[in-house]
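Take a look at the structure below.
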Amino acid sequence: MKQVLTPVQIGRLVAPNRVVMAPMTRSRASDDGVAGDMTVAYYAQRASAGLIITEGVFPSAMGKGYVHTPGIETEVQVAAWKKVTEAVHARGGRIFMQLMHCGRVSHPSLLNGAIPVAPSAIKPEGQAWTPVGQVDFVTPRELSLEEIAGVIDDYRQATRRAIEAGFDGVELHAASGYLPEQFLSSGSNQRQDLYGGSVENRARFVLDVLDAMAAEAGADRVGIKISPEMNYNSISDAAPQETYTYLVDKLKSWGLAYLHVALFGSPKVDYHALLRSQFEGAYLIGRGLTQEAAETLLKEDKADATVFGAPFLANPDLPERFRVGAELNAPDRTTFFAPPTAKGYIDYPALVPAEVD
Ligand SMILES: Cc1cc2nc3c(=O)[nH]c(=O)nc-3n(C[C@H](O)[C@H](O)[C@H](O)COP(=O)(O)O)c2cc1C
């Protein structure tokens, strides 16, 4: 019977448990997108996860969408990530990098003055987190076909660098209203070329990007995160069930490591039932889970692994706490995204204090 603390195959690797750490932006990198030593400690503390998925990392500078987020474009950024993967592996862990291109959900002040890019020039509602605080999103610039090929190549090169930096794999962030979902969704994609219009065309960008990532890493080291019907970052789609069943049907036999699905609110469709039966790789469910809820999902074979965000952020030894039934530290929301400070980042206590290197 599946249980959270039993091993599971996720693509090429075997995770010792089914407690996956969710990708979480923490905004602690330098202005140049370089992860610092605190980030090494943060992930190393959480190495007992079945699998760590890093915070969203921009594949190229135009993909940055939040202040103090890290990248994987320059040699300095790669060298910083190498320290993270070495520290996690030294503690027996496994770690994927999440590639996150924010597209239109960014701001010129984060892009050296450049206008954010998108499938279509449609301004999202809401505000960007910039070096000078929160400011309204702007109308993005529509990518040309040639530029789309360039962005796909950016993901390919970012994947190569992530593997070079020692990551066990890469996850495409195709959820939460960022660039891949902007292409997928009819509300943000009103192109009339190969990348817009029909569901086949709207899904093409995600498929092309995954194809490029799989060509670099091997499909069994590539995962994808989606969030059908999530009303976030001004995203909307006229027929999400059709969009996501088409996408997952296309992907089902690619041999991808996993499909990671985070549902928000009360979607009209039971996407987990629908998509899990379509997909052949590991199926990961996250969002609002407790240990009990995760055990139920696994027992009922609704998922292969379960993903924890805020609980993992606040409990570096979450699998051990599940094992002994310990109380959980409460997450402190005021320090989720903070200027580079240790508070709320690497100072959450473990049951047994970690040895200091
Ligand atoms: C501080 C914070 C930052 C997040 N940043 C990201 C991110 O960079 N990429 C992503 O895919 N999801 C991000 N998420 C969403 C989480 O991956 C996860 O889906 C969400 O927290 C729900 O899981 P939970 O209820 O266990 O926290 C973030 C969540 C939190 C709390």
If you take the residues of the stretch 222-277 that are under 30 Å from D136 (Cα atoms) and of a type in the set (S, T, Y), which of them is surrounded by the fewest Cβ atoms within 10 Å (Cβ to Cβ)?
-> S266
Mind listing whichever residues of the stretch 165-174 are open to solvent by less than 10 Å² (accessible area, probe 1.4 Å) and away from the ligand (no atom under 11 Å from the Cβ)?
-> A165, F167, G169, V170
Scan (1) open to solvent by less than 60 Å² (accessible area, probe 1.4 Å); (2) hydroxyl-bearing (S, T, Y); (3) under 23 Å from T6 (Cα atoms) for the single condition Y345 breaks and write down its number.
-> (3)
Residue pairs qualifying under the 8 Å Cβ cut-off, at least six apart or on distinct chains, with the first in the stretch 284-302 being open to solvent by 80 Å² or more (accessible area, probe 1.4 Å) and assigned to a helix (DSSP H, G or I) and the second being polar (S, T, N, Q) and more than 11 Å from the ligand (Cβ to nearest atom), are K299/Q3
With respect to F322, is the statement that it is more than 30 Å from Y246 (Cβ to Cβ), in contact with a Ser or Thr (Cβ under 6 Å, 6 or more places away or on another chain) and either more than 15 Å from the ligand (Cβ to nearest atom) or open to solvent by 10 Å² or more (accessible area, probe 1.4 Å) (or both) true?
-> no
Please go through the stretch 131-186 and pick out each residue that is of a type outside the set (S, T, Y), within 17 Å of the chain's Cα centre (by Cα) and assigned to a loop (DSSP other than H, G, I, E, B).
-> F167, D168, A174, A175, G177
List every residue pair whose Cβ atoms sit under 6 Å apart, with the two residues 6 or more apart in sequence or on different chains, where the first one lies in the stretch 17-42 and is closer than 26 Å to S227 by Cα and the second, anywhere, is open to solvent by 20 Å² or more (accessible area, probe 1.4 Å) and away from the ligand (no atom under 16 Å from the Cβ).
-> N17/L5
What's the number of the condition G177 fails, among (1) closer than 26 Å to D249 by Cα; (2) without any contact (Cβ under 8 Å) to a residue 60 or more places away in the chain; (3) buried (at least 21 other Cβ atoms within 10 Å of the Cβ); (4) of a type outside the set (D, E, K, R)?
-> (2)
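Matching residues to (1) open to solvent by 10 Å² or more (accessible area, probe 1.4 Å); (2) of a type in the set (S, T, Y); (3) touching a Phe, Trp or Tyr at 6+ places or on another chain (Cβ under 8 Å):
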| position | (1), (2), (3) |
| --- | --- |
| G126 | yes, no, yes |
| V132 | yes, no, no |
| T139 | yes, yes, no |
| S144 | yes, yes, no |
| D153 | yes, no, no |
| S186 | yes, yes, no |
Qualifying residues in the stretch 7-32 (those that are under 11 Å from A305 (Cβ atoms) and either open to solvent by 30 Å² or more (accessible area, probe 1.4 Å) or charged (D, E, K, R) (or both)) - the one nearest to the ligand (Cβ to nearest atom) = R18
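Across the stretch 209-218, which residue is surrounded by the fewest Cβ atoms within 10 Å (Cβ to Cβ) among those that are part of a helix (DSSP H, G or I) and touching a residue at least 60 places away in the same chain (Cβ under 8 Å)?
To start, the set of residues in the stretch 209-218 that are part of a helix (DSSP H, G or I) comprises 209-217.
Within this subset, residues satisfying the condition of being touching a residue at least 60 places away in the same chain (Cβ under 8 Å) are 212-213, 216.
On the way: A212: 23, M213: 29, E216: 19.
My answer is E216.
The values are calculated or read from the model by the stated rules, or taken from the named source; none is laboratory data. All values reported here derive from a predicted model rather than from experimental measurement. Cβ atoms come from the backbone with ideal geometry, glycine included; neighbour counts cover every protein chain shown. Note: areas computed on protein heavy atoms with side chains; ligands, DNA, RNA excluded. Shrake-Rupley method; radii C 1.70, N 1.55, O 1.52, S 1.80 Å.
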